[in-house]
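Only the coordinates and a few stated rules stand behind these numbers; no lab work does. All of these numbers come straight from a predicted model, not from anything done at the bench. In this analysis, Cβ positions are derived from the backbone assuming ideal geometry, glycine residues included, and neighbour counts consider all displayed protein chains.
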Amino acid sequence: MNIIIFGYAGSGKGTQADLVAKNYGLYHVSMGDELRAEIKKASPLGKKIQSLVNSGTLVPDEITNMLLMSVAKRHKHIIFDGYPRRDGQLQFLIKNFKIDAAFEISLSEKEAIRRMTSRRICPKCGRGYNIIYLKPKVSGVCDDDGAKLVGRADDKPDEIQKRLAIFNKNTAPMKKYYKEHKILHVIDGNRPIKDVFKDIDKVLKKIK
């Protein structure tokens, strides 16, 4: 089973992807995490990705596709988080994988901005938090290693507006394909995590 999960940054799609992966034995591919991991390596490719991210430019398809296929060689069943983001990536994905469902975690722009500005990350281990609904046990401190949490570099106001605009222009139109192929499932992302997952789980139980 292969699944796509998408929505505005801050919609909670990463959290839901983790839950789906855990409950259904899928491998959670977060393209954002894959790109950040490459940046952390400080490889020539990682430096190129960092430059693109800093400029607010989307990473070229040839890079994301290469990272994706590298993962696919090791894992048969995948939930795609943050990919595809535009039509070229969608065409690549459907050519190489059978997609069983596409979940949109629906959220207003206003709520997405509120959630993104509330995100925090551990600079040591990379674990993510949100001071609204995924709080650390001790305020401002990572549960795993005690490091002081920081805001994500890509969650600054200007960057947030760029990302929302890119989503509306490139990612949202792909819903037409998902709808035409009867794999689109729109989930209300304004509710608690467990309630969002319940709706996703109902769909997946019918597919499994």
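List of remarks:
- Label zone at A165 (point 7 Å along Cα-to-Cβ), backbone N below 18 Å, segment 40-62: 52-59
- Within the chain: Cβ-based charge dipole about Cα centre, in debye rounded to nearest 20 (Lys, Arg +1; Asp, Glu -1): 240
- Too-long pairs where the Cα-Cα distance tops 22 Å, listed order kept, from K13/K73; K13/K41; K13/K182; K48/K169: K13/K73; K13/K41; K48/K169
- Across segment 19-25, coupling constants 3J(HN,Hα) worked out from phi with the 6.51/-1.76/1.60 Karplus curve, θ = phi - 60°, read 5, 4, 4, 5, 7, 10, x Hz, and Gly and Pro carry x.
- In order along segment 85-92, the Karplus-derived 3J(HN,Hα) couplings, from 6.51 cos²θ - 1.76 cosθ + 1.60 at θ = phi - 60°, round to 9, 7, 4, x, 5, 4, 4, 5 Hz, and Gly and Pro are given as x.
- With both residues required to sit in segment 100-208, DSSP beta bridges show an antiparallel share near 60%.
- Electrostatic tally near S55: other residues with Cβ closer than 14 Å to its Cβ, Lys and Arg +1, Asp and Glu -1, net +2.
- At 1.306 mPa s and 10 °C, Stokes diffusion of segment 49-96 via Kirkwood alpha-carbon radius, µm² per second: 136
- Take the Cα of R74, step 7 Å toward its Cβ, do the same at S108, and the gap between the two points is 4.1 nm.
- Each DSSP beta bridge with both residues in segment 11-162 is either parallel or antiparallel, and the antiparallel ones are about 65%.
- D_trans [Stokes-Einstein, Kirkwood Rh over alpha-carbon pairs] for the chain, 37 °C, 0.692 mPa s, µm² s⁻¹: 186
- Built amide H within the under 5 Å cut-off of L149, gap 5+: V141, C142
- Alpha-carbon centroids, segment 153-208 and segment 39-99: separation in whole Å: 18
- Most mobile listed residue (T171, T117, T57) in the chain, GNM with C-alpha springs under 10 Å: T57
- Counting neighbouring Cβ atoms within 10 Å and putting the fewest first, the residues E62, E34, E109 line up as E62, E109, E34.
- Calculated FRET value between D195 and D158, using beta carbons and R₀ = 41 Å, to 0.05: 0.80
- Converting phi to 3J(HN,Hα) with the Karplus coefficients 6.51, -1.76 and 1.60 and the offset θ = phi - 60°, segment 106-121 yields 7, 8, 6, 4, 4, 5, 4, 5, 4, 6, 5, 6, 9, 7, 9, 9 Hz in sequence order, with x at every glycine or proline.
- Theoretical ellipticity at 222 nm over the chain - DSSP helices of four or more residues, -39500 (n - 2.57) apiece, nearest 500: -13500 deg cm²/dmol
- Among Y83, Y178, the ranking by other beta carbons within 10 Å of each residue's beta carbon, starting with the fewest, stands as Y178, Y83.
- Computed lengthening from K205 to M66, 0.36 nm per intervening residue step minus Cα-Cα distance: 46.9 nm
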